[in-house]
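Inspection log for the structure reproduced underneath, given as structure tokens.
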Amino acid sequence: MDIIANFIDGQYQAPLQGQYIDNIEPATGQVYGKIPDSSNEDLELAIASANKALPAWRALASEERADYLLAIAHEIDRRLEALALAEAIDNGKPVGLARTVDIPRAASNFKFFAHACSQFSSQSHAVAGSAINYTLRQPIGVVGCISPWNLPLYLFTWKIAPALAAGNCVIAKPSEITPKTAALLGEICQKVGLPAGVLNIIHGTGKNIGQAICQHSEIKAISFTGGTITGAAIAQLLAAKFKKLSLELGGKNPALIFADCDFDNTVEQVFRASFANQGQICLCASRLYIERSIYAKFKQALVAKAKKLRPSDPLLETTAMGAIVSKSHLEKVLGYIESAKAQGGTVIAGGKQVTLIGRCQQGYFIEPTIIENLNNDAVCNQEEIFGPVITLQAFDNDEQALTLANDSHYGLAATIWTNHLARAHYLAENINTGIVWVNCWLLRDLRTPFGGMNNSGLGREGGLEAMHFFTESKNVCIKY
Ligand code: TXE
């Protein structure tokens, strides 16, 4: 049984009230570990430690902070295999995906913000001959980072790295569904000698310790990634507390596929955008709009690929599609497929749970699923399913494609597949999403603003956006 502990004050510590939650392996449906169901007492220990560490950490020269972040990055690289295996077991994603995407990106997060902090500067504004203004960007203090289960270490470190780089101390809570690699980050912090209390990793449920972190008066900012409903609850809770809040929430991302696209490459890329990580990425394409003249041919190509992609044991090197993260999420996704049928949709590929043989017999697996003949206002076109389920619709012209794409309460990421330059720029300008990819998907430059609008969240992460979120700006004006 894999028993996880909190990482507080530079040490692993059991939850003070001795309460634990089962940790279930998605591929087998079996309990394989226990994680702390932490309480306020655990949180108070972490906050006391963070407050004690803060003066020295914020006073550290930026290149010294950068050295710690680079050391963590190199240690993550060194532990690639162990972290990738842990991630695949905990989340159910293919071990090859964890090894090539999740874990390398966690290292990149620390590398990127190590460089960001050593280059971080601010502005001055001179009033000719009489005064000079300069802007200080100072660390906020102790901040909270709360992350989800779909890209566990990738998103956990995406928040922690800039928070530390900006000179804050962190109370970080991973999802209780995928705690393992976050727990292992504590060992890495010990190995590199990160001062005790700078990063505290505390485990437990959202409604208990997650909410306690958000509410605590000594935690001055919250960076959250998760569901829209949860984000709304947190925003409501914090409204009167005037805490800085960053919310990266769900998506219902349109893909606009035009007849002049590079057909074979677009099929490959759109299929990957639809089903990578079992469709459990907030950036995944889930609403495919296809120009009518190529609809039948494109649909046929996607269906053929979907029929070949079989879910299998995430720990096999050959696996390209793993398990759904939990039993409740499996049931949620299957429920959406049933609602599609009830609303007149036609399942043209997949649509069922898959039962594997051997060790994964009790695991949570769903076929890659493609549905057509649904109106744009159907539940499966309006709500985030967050699983291996996409819908297809045809369009006849650019304006119709844009209208369909913008008919959504979400606004995170869109992809546009065309070689028509003017069309690409016009649609990118007018589509209501925070991120637009043209002839590509998930091509990421960490300097760029990351996030969405409407139900997809509030604020942006990445590059200077993240450094500004995790600092307070102060203008100083000196008259002479
Ligand atoms: O998210 P939750 P879940 C979407 C996706 C998914 C849905 C729910 O549609 O089906 O969200 O997923 C903590 N105060 N996304 O259950 O519940 C919780 O412990 C403070 C999109 O994972 O939002 C976990 O650490 N914290 C998303 C984290 O919040 C709370 C990725 C996320 O949990 C809390 C994942 C509370 N009241 C899911 N309630 C994306 N944008 O990538 C929960 N938590």
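The values are calculated or read from the model by the stated rules, or taken from the named source; none is laboratory data. All figures in this text were calculated on a predicted structure; none of them were measured in a lab. Note that each Cβ is placed from the backbone with ideal geometry, even for glycine, and that neighbours are counted across all protein chains shown. Note: accessible area is taken over every heavy atom of the protein model, side chains too, but ligands, DNA and RNA are not part of it. Shrake-Rupley method; radii C 1.70, N 1.55, O 1.52, S 1.80 Å.
Can you pull out the helices (runs of 4 or more DSSP H) entirely within the stretch 97-192 that have at least 1 residues that are touching a strand residue (DSSP E or B) at 6+ places or on another chain (Cβ under 6 Å) and open to solvent by less than 10 Å² (accessible area, probe 1.4 Å)? Give the steps one after another, and end with the answer.
Working: elements: 103-119, 152-165, 180-192.
Ranges flagged: 152-165, 180-192.
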Exactly one condition in (1) in a loop (DSSP other than H, G, I, E, B); (2) among the small types (Gly, Ala, Ser); (3) open to solvent by less than 20 Å² (accessible area, probe 1.4 Å) is not met by Ala86; state its number.
(1)
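Just wondering, is there one or more residues in the stretch 330-343 that are in a loop (DSSP other than H, G, I, E, B) and away from the ligand (no atom under 16 Å from the Cβ)?
Within the stretch 330-343, the first condition is being in a loop (DSSP other than H, G, I, E, B), and the residues that meet it are 343.
Among the residues that remain, those that are also away from the ligand (no atom under 16 Å from the Cβ) are: 343.
Among the residues of the stretch 330-343, at least one is in a loop (DSSP other than H, G, I, E, B) and away from the ligand (no atom under 16 Å from the Cβ), which makes the answer yes.
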So, in the stretch 29-48, exactly how many residues are surrounded by fewer than 22 Cβ atoms within 10 Å (Cβ to Cβ) and among the hydroxyl-bearing types (Ser, Thr, Tyr)?
2
So which residues in the stretch 192-230 are within 11 Å of the ligand (Cβ to nearest atom) and among the charged types (D, E, K, R)?
Lys207
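Let's see how each residue does on (1) closer than 27 Å to Ala320 by Cα; (2) among the basic types (Lys, Arg):
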residue: Gln13; (1), (2): no, no
residue: Ile24; (1), (2): yes, no
residue: Ala50; (1), (2): no, no
residue: Ala61; (1), (2): no, no
residue: Ala66; (1), (2): no, no
residue: Ile72; (1), (2): no, no
residue: Arg79; (1), (2): yes, yes
residue: Phe112; (1), (2): no, no
Can you name every residue in the stretch 1-19 that is in a strand (DSSP E or B) and either surrounded by fewer than 17 Cβ atoms within 10 Å (Cβ to Cβ) or at pLDDT below 95 (or both)?
Asp2, Ile3, Gln11, Tyr12
Enumeration of residues in the stretch 449-464 that are within 16 Å of the ligand (Cβ to nearest atom) and in a helix (DSSP H, G or I)
Asn454, Asn455, Ser456
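Kindly indicate whether any position in the stretch 132-153 is aromatic (Phe, Trp, Tyr), within 16 Å of the chain's Cα centre (by Cα), more than 16 Å from the ligand (Cβ to nearest atom) and not assigned by TED's automatic domain parsing to the domain that holds Val325. Show your work before the answer.
Quick first cut of the stretch 132-153, residues aromatic (Phe, Trp, Tyr) only: 134, 149.
Next, from what is left, pick out any that are within 16 Å of the chain's Cα centre (by Cα): 149.
Next cut, more than 16 Å from the ligand (Cβ to nearest atom) only: none.
Within the stretch 132-153 (the criterion being aromatic (Phe, Trp, Tyr), within 16 Å of the chain's Cα centre (by Cα), more than 16 Å from the ligand (Cβ to nearest atom) and not assigned by TED's automatic domain parsing to the domain that holds Val325), the answer is no, since none of the residues qualifies.
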Test for Glu399: is it closer than 23 Å to Ile281 by Cβ, in the same structural domain as Phe271 (by TED's automatic domain parsing) and open to solvent by 40 Å² or more (accessible area, probe 1.4 Å):
no
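Residue-wise test of (1) more than 25 Å from His115 (Cβ to Cβ); (2) of a type in the set (A, V, I, L, M).
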{"residue": "Asn23", "(1), (2)": "yes, no"}
{"residue": "Ala27", "(1), (2)": "yes, yes"}
{"residue": "Ile35", "(1), (2)": "yes, yes"}
{"residue": "Ser38", "(1), (2)": "yes, no"}
{"residue": "Ala46", "(1), (2)": "yes, yes"}
{"residue": "Ala53", "(1), (2)": "no, yes"}
{"residue": "Ile89", "(1), (2)": "yes, yes"}
{"residue": "Pro94", "(1), (2)": "yes, no"}
Kindly indicate whether Thr181 is closer than 30 Å to Leu288 by Cα, assigned by TED's automatic domain parsing to the domain that holds Asn6 and of a type outside the set (Lys, Arg).
no
(1) touching a Cys at 6+ places or on another chain (Cβ under 9 Å); (2) of a type in the set (S, T, N, Q); (3) open to solvent by 40 Å² or more (accessible area, probe 1.4 Å) all hold for Asn432 apart from (1)
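Only one of Leu446, Leu427, Leu392 is farther than 30 Å from Ala301 by Cβ, in contact (Cβ under 8 Å) with a residue 40 or more places away in the chain, more than 16 Å from the ligand (Cβ to nearest atom) and buried (at least 20 other Cβ atoms within 10 Å of the Cβ). Can you tell me which? Walk me through how you get there before you give the answer.
Numbers: Leu427 fails: farther than 30 Å from Ala301 by Cβ; Leu392 fails: farther than 30 Å from Ala301 by Cβ.
Being farther than 30 Å from Ala301 by Cβ, in contact (Cβ under 8 Å) with a residue 40 or more places away in the chain, more than 16 Å from the ligand (Cβ to nearest atom) and buried (at least 20 other Cβ atoms within 10 Å of the Cβ) holds for just one of Leu446, Leu427, Leu392, which is Leu446.
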Quick check on the stretch 308-318. Is at least one of its residues in contact (Cβ under 8 Å) with a residue 12 or more places away in the chain and among the β-branched types (Val, Ile, Thr)?
no
Filter the stretch 348-389 for residues that are polar (S, T, N, Q) and open to solvent by 10 Å² or more (accessible area, probe 1.4 Å) and give the result.
Gln353, Thr355, Gln361, Gln362, Asn373, Asn375, Asn376, Gln382
Cβ-Cβ distance below 7 Å, separation of 6 or more or different chains: which pairs start in the stretch 323-345 with a residue that is under 20 Å from Gln30 (Cα atoms) and end on one that is within 15 Å of the ligand (Cβ to nearest atom) and in a helix (DSSP H, G or I)?
Ile324/Gln278; Ile324/Leu330; Ile324/Val333; Val325/Asn91
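Open to solvent by 50 Å² or more (accessible area, probe 1.4 Å), in the same structural domain as Asn168 (by TED's automatic domain parsing), in a strand (DSSP E or B) and not hydrophobic (A, V, I, L, M, F, W, C) - does that describe any residue in the stretch 57-74? Show your work before the answer.
Pass one, the stretch 57-74, residues open to solvent by 50 Å² or more (accessible area, probe 1.4 Å): 58-59, 63-64, 67-68, 74.
In the following step, the residues that additionally are in the same structural domain as Asn168 (by TED's automatic domain parsing) were identified as 58-59, 63-64, 67-68, 74.
Filter once more, so that each one left must be in a strand (DSSP E or B): none.
Within the stretch 57-74 (the criterion being open to solvent by 50 Å² or more (accessible area, probe 1.4 Å), in the same structural domain as Asn168 (by TED's automatic domain parsing), in a strand (DSSP E or B) and not hydrophobic (A, V, I, L, M, F, W, C)), the answer is no, since none of the residues qualifies.
For the subset of the stretch 449-480 comprising residues that are over 22 Å from Ser147 (Cα atoms) and of a type outside the set (Phe, Trp, Tyr), which member is surrounded by the fewest Cβ atoms within 10 Å (Cβ to Cβ)? I'd like the intermediate steps shown before the answer.
Of all residues in the stretch 449-480, those over 22 Å from Ser147 (Cα atoms) come to 472-480.
With of a type outside the set (Phe, Trp, Tyr) added as a condition, the list becomes 472-479.
Numbers: Glu472: 15, Ser473: 11, Lys474: 11, Asn475: 12, Val476: 10, Cys477: 10, Ile478: 10, Lys479: 7.
The extreme case among them is Lys479.
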